[in-house]
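The values are calculated or read from the model by the stated rules, or taken from the named source; none is laboratory data. A quick note: this is a predicted structure, and the numbers were derived from the prediction, not measured. Neighbour counts are summed over all protein chains in view; Cβ atoms, including those assigned to glycine, are modelled from backbone coordinates with ideal geometry. Areas reflect the complete protein model, heavy atoms only, side chains present, ligands, DNA and RNA absent. Shrake-Rupley method; radii C 1.70, N 1.55, O 1.52, S 1.80 Å.
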Amino acid sequence: MRRLHAAVNRTVLTVTGLALVLAGGLLAVAHTPLASRLPVTWLPPRPGGPLLDPDRLAALRAESWWTPATTAASVTAALLLALWSVRQFGGRARPLLPLPAPGGALGRRALEDAVARWVLGVEGVARCRVGIGALGRRRLRADVRVWLLPDTAPAAVLPSLTRLLEQAEEAADPYTLDGRIRLSGRAHRMPHVR
């Protein structure tokens, strides 16, 4: 869900940016020698003039399709923007996950901190970052980013990290926890001989 959310945001920003760049480019070349090569309908108004020619606007309003088309386009745009705005705030994971015990709840942030402490306790781990988000009603996703100490082999820490994620899934019961571990490391730099 998070990827779809990010993709929609990037698409909206890209389309808006391209429209603004094209409009700016059109205005930039409007009063240059390139203006004679542009179609007449693309030319912007003369400086200080109205955006739409009054005669052309009156001709458009006289058309039978003009009023329904502009109304439908305006309502559609308003609904899409309203839906997009609501989705900005509606897709977030709940901070408290209800547990089966009466009145029981698990703080998502507390689970992230506990998993991070467990991961930092593994030998060979320099630092880590843990993020837990909701995938569905009863599914969580744990993204664990681990930076290894120099000269630590990933195979040496991966079994311990896998066991820790299994323990985190037990702690999050009745939720299932899908874990993804990303390892990064840096080898020692070779000493320079002078």
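Of the residues in the stretch 145-176, how many are of a type in the set (Val, Ile, Thr), within 24 Å of Ala134 (Cα to Cα) and not in a strand (DSSP E or B)? Adding up the residues that qualify gives 1. Considering the conditions (1) open to solvent by 80 Å² or more (accessible area, probe 1.4 Å); (2) in contact with a strand residue (DSSP E or B) (Cβ under 7 Å, 6 or more places away or on another chain); (3) touching a residue at least 40 places away in the same chain (Cβ under 8 Å), Arg127 is excluded by exactly one of them, (3). Being surrounded by 20 or more Cβ atoms within 10 Å (Cβ to Cβ) and more than 25 Å from Gly107 (Cα to Cα) is the filter here; which residues of the stretch 153-177 pass it? Answer for the stretch 153-177, where residues must be surrounded by 20 or more Cβ atoms within 10 Å (Cβ to Cβ) and more than 25 Å from Gly107 (Cα to Cα): just Val157. Confirm whether Val122 is touching a Ser or Thr at 6+ places or on another chain (Cβ under 6 Å) and either farther than 25 Å from Arg3 by Cβ or not in a strand (DSSP E or B) (or both). So Val122 fits the description; yes. Applying the set (1) modelled with pLDDT of 85 or more; (2) open to solvent by less than 100 Å² (accessible area, probe 1.4 Å); (3) within 30 Å of His5 (Cβ to Cβ) to Trp66 leaves exactly one unmet item: (3). Exactly one condition in (1) loosely packed, with under 11 Cβ neighbours inside 10 Å; (2) at pLDDT 90 or above; (3) within 30 Å of Thr11 (Cα to Cα) is false for Ser85; which is it? Tallying (1) loosely packed, with under 11 Cβ neighbours inside 10 Å; (2) at pLDDT 90 or above; (3) within 30 Å of Thr11 (Cα to Cα), Ser85 fails exactly one: (2).
Filter the stretch 1-58 for residues that are among the β-branched types (Val, Ile, Thr), at pLDDT below 70 and open to solvent by 70 Å² or more (accessible area, probe 1.4 Å) and give the result. Val40, Thr41 - these are the residues of the stretch 1-58 that are among the β-branched types (Val, Ile, Thr), at pLDDT below 70 and open to solvent by 70 Å² or more (accessible area, probe 1.4 Å).
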